[in-house]
Every structure is written in C-alpha cells, then in structure tokens.
1. Can you compute the modelled spin-label distance between residue 161 and residue 9, with each label point 7 Å from Cα toward Cβ, in nm?
2. Rank by packing, highest mean first: peptides 79-88, 55-64, with packing defined as the count of other Cβ atoms within 10 Å averaged across residues.
3. Taking only Cα atoms of the range 1-86, what ratio of Rg to Rh do you get with Rh as the Kirkwood inverse-distance radius?
4. Grab the Cα-Cα distance for residue 151 and residue 62, subtract it from 0.36 nm times how many residues apart they are, and report the gain in nm with one decimal.
C-alpha cells in the first residue's frame, strides 16, 4: 500500500507534499532514515519539496542526533521546528507538538500570525502531529490508538474562537492517531461562521 501511495504521489506531480510527523520510527536511527531516503527518491528526482511537522517518533533517542537527521533531509526549514508556508490562497502553519503551543516562542508565534493573515487567503491550515480532537483512544476496548491531549484541546479552543471572526476557513491536519475501522476519520467542529475540520493522517517508516 505504501509503495503504491509513493508512486501515485510521484505520478500526480504535486507542487509540494506535507507530512504530519512520525516520518520514521526512530529519529536517531540512521537505517530508518535510509529507508525514507530510498522510498522518497523519486520525489526528490522530480523536484517535489516535502514540508513536514515533527512527530514524537522523529525525536526518539538522543534529540540532537534525531534533529540533525531530520534537518539534514529538510534544509529549507533552516533548523526551525515550526514555520509557515504560503501557496496560492492557502496559508499553512506547521507546529511542533513537543513544544508548548499555549506559551513560549511557539505559543506566541501562531497567535501573531493569525492576526496578520492577508485578505486574499481563503484557507488557513494548521498542521501538527498530536490531534486536538480524535476518534482514537488509548483504551484497547475502543480499538487502541492514542487519545488527544489537554494541550491540544487548548489549541483547539484558541482556533475555535478565532474562526468565529475570521474571513478564512481554518482546517487542522494532524497525525499520531490510529483510528479503528469503526471510528469516524474526520471530526468536524461547528463554529459560528465556519467549520474547523480535524483530519488524522499517519505514516511511519522503519527499517
């Protein structure tokens, strides 16, 4: 399935590819990153850039080694763990789930950016690894997976408040979760003016 997906993406020749984290199973593992290099070689040959969010697996092991492996593959990020990306009428904010999203440098960054969204932007995408909402659960009786965390709930509340006054539609893309077949893969939040949609995506490479 993954090979077919890699080939289909290459055939579609997109302007860029976004990942919601957990690109590899062990961020410190050279062999895992070699698998990534091999599997995505066609994308690089075709000049398709990849813009990722950091996942917890990407930070496994000694974090300095894990981050060195990560930034070696994505030099355009300039060693920044959170950043923004503009494409046409879309603006994407990429966050690092392992950093505080309510305070500190990363916490202040999206708030200031949301205050300065240009009028010609119709969609703001917020991309991070841990989901604000999910149909997945830590409980095995509900299929196993990962529940959402309080810190992401807090981020969701901020986005919900923003959405009621925004001229743009906010959509959140996250990874992390394993959703059982009985769960809904997309969980919409109804705001006064628009809809915030939480989408769960997962892809992890290991050697």
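1. In this crude spin-label approximation the distance works out to 3.5 nm.
2. Values: 79-88: 13.9, 55-64: 18.4.
So the peptides 79-88, 55-64, ranked by packing, come out 55-64, 79-88.
3. Rg divided by Rh gives 0.95.
4. Length gained, residue 151 through residue 62: 29.6 nm.
Every number in this text was worked out from the coordinates using simple rules, so none of it is lab data. For clarity, every value in this text was computed on a predicted model and none was experimentally measured. Reconstructed Cβ throughout: ideal geometry from the backbone, glycine too, with neighbour counts over all protein chains shown.
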